[in-house]
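Colleague: First the structure, which I've put down as structure tokens, then a few questions once you've had a look.
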Amino acid sequence: MGMNGGEDRPEVPVGVAFLLAQLGAHAAGRFAERVAELDLTPPQAGLLRMLAGAPGRSQRELADRLGMPPSRFVPFADELEERGIIERRRNPEDRRLYALYLTEEGFALLGRLAEAGAAHEKEMCQALSEDEHRQVQALLERVAEQQGLGKGVHPGFRRLRPGRRAE
């Protein structure tokens, strides 16, 4: 074939890094759609999970863990507090600091979030057997650790701007 036929062109190899980016973008988009049904953004979902695992952390600790400047974290947390999902309490050791906690409504929402997460995991991995799923998870955890990525913290949170909802 000629120049436009395409058969003379060498096939461009697709590597693991590309596949990870492709799947990551797809998975993030699908997850954002799922949590939007709960009226949450992915970063808000991440904060709820963090607070469930370690209640009473300061706003600064949480902002650092999410990779967000404190100036962005405060309005981010304000919205969840206004909705009654989290509450701020004065830190008994340092009255200048606020500690964040999930409310009863926040725990109920966390349960619905866990169901959405399980459905998302099942959808994304339906082509794999249980053994393959465990193998892929273990391999990806090893790669993420080697790359210095925080466990359970999405790197996109660092770019979050206050007031922005999931598209």
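Colleague: Which of the three applies to the chain, rounded, prolate or oblate, going by the alpha-carbon gyration tensor with a ≥ b ≥ c and a/c under 1.5 meaning rounded?
Modeller: Details: a/c = 2.28, a/b = 2.09, b/c = 1.09.
Note, shape of the chain comes out prolate.
Colleague: Over region 35-151, what is the relative contact order in whole percent, taking alpha-carbon pairs under 8 Å and six or more residues apart?
Modeller: Here the relative contact order equals 23 percent.
Colleague: Let me ask another. Output the peptides 118-127, 46-55 sorted from most to least packed, where packing is the average of other Cβ atoms within 10 Å over each peptide's residues.
Modeller: 46-55, 118-127
Colleague: Under 5 Å between amide H atoms, partner at least 5 residues away or on a different chain: which partners does ALA99 have, H built in plane at 1.01 Å?
Modeller: Placed amide hydrogens put ARG89, ARG90, ASN91 under 5 Å from ALA99.
Colleague: Also: Tally Lys/Arg at +1 and Asp/Glu at -1 over every other residue whose Cβ is under 14 Å from the Cβ of LEU128; what's the total?
Modeller: Result for the local shell: -3.
Colleague: For the chain, what does -39500 (n - 2.57) per DSSP helix run (n ≥ 4), summed and divided by total residues, give at 222 nm, in deg cm²/dmol to the nearest 500?
Modeller: Estimated from H runs of four or more residues: -18000 deg cm²/dmol.
Since every read-out is calculated from the coordinates, none of them should be taken as a lab result. Quick caveat: nothing in here was measured; it's all calculated off a predicted structure. For neighbour counting, all protein chains shown are included, and Cβ atoms are generated from backbone atoms with ideal geometry for every residue, glycine included.
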